[in-house]
Amino acid sequence: NAGVTQTPKFQVLKTGQSMTLQCAQDMNHEYMSWYRQDPGMGLRLIHYSVGAGITDQGEVPNGYNVSRSTTEDFPLRLLSAAPSQTSVYFCASSLDNSNTEAFFGQGTRLTVV
Amino acid sequence: GENVEQHPSTLSVQEGDSAVIKCTYSDSASNYFPWYKQELGKRPQLIIDIRSNVGEKKDQRIAVTLNKTAKHFSLHITETQPEDSAVYFCAASRGSSNTGKLIFGQGTTLQVKP
């Protein structure tokens, strides 16, 4: 099994550009989420989804959109990139929302200049 | 919403010593407390977790304790080895009663000196 796959691994954007970070899982997990990791701030929840067609905001949702049209995919869209969005982004999935292990993707390192 | 505080932010120990990382949480309804280890340049991976109906859980050299009254939980690593060097994150969740949101602490960088 591939587990949770994120693409790309690295990306450089100019301020104001838009892009989509891809996340796919092949474990038939219902629950998926996006985190950003910044030094000294841990992993902060951006958006999450409890199943296809259902999404909700996490701790730091501003500047990001998500959709969940299928169980497998949970893309994260940056609408107009800002330097403050420079970070490492992790997608995670778990079987459901009843306190089961979260499996993380390998991360995307995004730099906005 | 839930807030998780983690201390210390950095911890340096000699090989063979014990290491303790502490977390406090704000939501008294939280009932699941996992710990993740992240090696340099890698993804976080679950190392141990505890649920609110248990006070302590052990797995070889690692253990986690939970004090629900005080709303804090701790990770204990005994007989530390250089390969234990990593960033450790605690987290808290109240499961499906809050759509399963997993909120993380700020992380602790553990350095084990040989």
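Summary of values
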read-out: Count - residues of region A:1-27 that are without any contact (Cβ under 8 Å) to a residue 60 or more places away in the chain and assigned to a loop (DSSP other than H, G, I, E, B); value: 3
read-out: Residue in region B:39-53 that is farther than 24 Å from A:Tyr35 by Cα and touching a His at 6+ places or on another chain (Cβ under 9 Å) present; value: no
read-out: Selection status of B:Val64, surrounded by 14 or more Cβ atoms within 10 Å (Cβ to Cβ), part of a strand (DSSP E or B) and over 15 Å from the mean Cα position of the chain (by Cα); value: no
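Every read-out reported here was derived from the displayed coordinates using simple, explicitly stated rules and does not represent laboratory data. Because the structure is a prediction, the values reported are computed rather than measured. Note that we place each Cβ from the backbone using ideal geometry, even for glycine, and neighbour counts take in every protein chain shown.
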